1. Can you sort 181, 123, 69 from fewest to most other Cβ atoms within 10 Å of each residue's own Cβ?
2. Compute the relative contact order of the chain as a whole-number percentage, counting only Cα pairs closer than 8 Å that sit 6 or more residues apart in sequence.
3. Tell me the angle of helix 238-255 to the major Cα principal axis of the chain, expressed in degrees between 0 and 90 and rounded to the nearest ten.
4. Subtract the Cα-Cα distance of residue 41 and residue 141 from 0.36 nm times their separation in residues, and report this length gain in nm to one decimal.
5. Using a 7 Å offset from the Cα along the Cα-to-Cβ direction at both residue 6 and residue 189, what is the distance between the two label points in nm, to one decimal?
6. Describe numerically, in nm with one decimal, the distance between label points set 7 Å from Cα along Cα→Cβ at residue 153 and at residue 202.
7. Relative to the compact-globule scaling 2.2 N^0.38 Å, provide the ratio for the alpha-carbon radius of gyration of region 134-217.
8. Working from Cα positions, state the angle (0 to 90°, nearest 10) between the long axis of helix 177-190 and the longest principal axis of the chain.
Amino acid sequence: MKKNVLLDSHLKTLKLPTFLREYEKTGRQCAQDGKHYEEFLLCLAEMEVAEREKKGAARRILQAGFPAEKDLADFDFSAVPKLNKRRMLELARCAYIEKRESIVLAGPAGVGKTHLAIALGREACRRGKKVKFFTACGLATAYAEAREERHVQRLDAHARTRHLIVVDELGYVPLGQGAAENLFNFFSLCYERVSLIVTTNLPFSEWPQIFGDERLAGALIDRLTHHVHVVEVQGDSYRLKASLKAGKAKHAANAAPEQQGGDAQEESANQ
Ligand code: ADP
Ligand code: MG
């Protein structure tokens with residue numbers, strides 16, 4: 001008993017909470033199975049490492065500030081047959097981040113660009129990368145506010161220490177001159193230093209419209225497309241399809257509630 005108190009204290013000092021929590025149970029199990037001391041140690045070490053990685057990933061995902069929990073596992077690739085699933089899974093392995101490359105996800109509204117961007121970002125967090133999610137407007141506003149409070153350096157420093165930054169929804173709202181310049185400076189800062197995932201509903205040819213300035217847009221596209229994977233996400237709006245399906249189910253439920261209400265409501269609830 002006395003020995004355990006000492007062991008517990010040492011494990012706390014060494015910051016090995018999983019060892020501390022599990023050693024008794026694992027020790028008993030290993031003794032029962034006739035396992036050697038080294039196997040007992042290996043088992044505890046593996047549990048400690050797994051727990052640490054899990055907590056680290058959860059912390060990084062929280063710090064990234066994603067607006068929703070989306071993963072590749074719940075992305076229905078059959079809804080966008082032109083999208084190469086193998087390529088997306090390959091990108092999720094994060095080699096592009098090691099090479100400081102970027103990804104542009106381009107396509108119309110509702111096809112899953114934000115979903116894919118979040119999914120890739122969360123996967124990067126799981127693989128030990130520091131990630132930050134912004135909407136293009138949010139990023140421009142953050143810089144505008146930082147400029148007022150003379151905190152731009154702090155924002156830049158934070159960006160510089162990320163491995164990956166997601167800039168969602170570039171192009172939905174045209175940017176004013178100040179916002180366009182802020183974004184341009186931001187993209188310059190990230191160039192060859194931090195990987196970016198940019199989602200946009202506009203082809204590059206229409207980017208001058210977002211930035212309201214042909215030269216600024218040209219210079220920006222030049223930097224961004226230097227080491228970039230352009231992924232076209234083309235298809236019908238998943239959001240629209242889902243709500244049409246839900247609407248149909250509701251309609252059917254209203255038309256014949258006693259025969260098919262249960263099923264239809266279930267379908268609608270599953271959307
Ligand atoms: P976009 O950013 O292209 O406008 P979103 O990623 O916001 O589209 O998608 C809209 C909604 O539809 C989200 O809830 C998203 O999770 C879902 N969605 C879109 N495409 C798919 C898909 N192929 N599989 C599963 N969910 C999808
Ligand atoms: Mg989106």
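Read the figures in this text as sums done on the coordinates, not as results from a lab. As the structure is a prediction and not an experimental result, all values here were calculated from the model. Here the Cβ is made from the backbone with ideal geometry for all residues, glycine too, and neighbour counts use every protein chain on show.
1. Values: 181 16, 123 20, 69 10.
The order, fewest Cβ neighbours first, is 69, 181, 123.
2. Numbers: 366 pairs, mean separation 56.9, N = 271.
Here the relative contact order equals 21 percent.
3. Around 90 degrees separate the two axes.
4. Values: separation 100, 0.36 × 100 = 36.00 nm, distance 5.14 nm.
Gain in length upon complete extension: 30.9 nm.
5. Taking the two extended label points, one gets 5.4 nm.
6. 3.4 nm
7. Values: Rg = 12.2 Å, N = 84, 2.2 N^0.38 = 11.8 Å.
Relative to the 2.2 N^0.38 Å estimate, region 134-217 comes out at 1.03.
8. The two axes meet at around 40 degrees.
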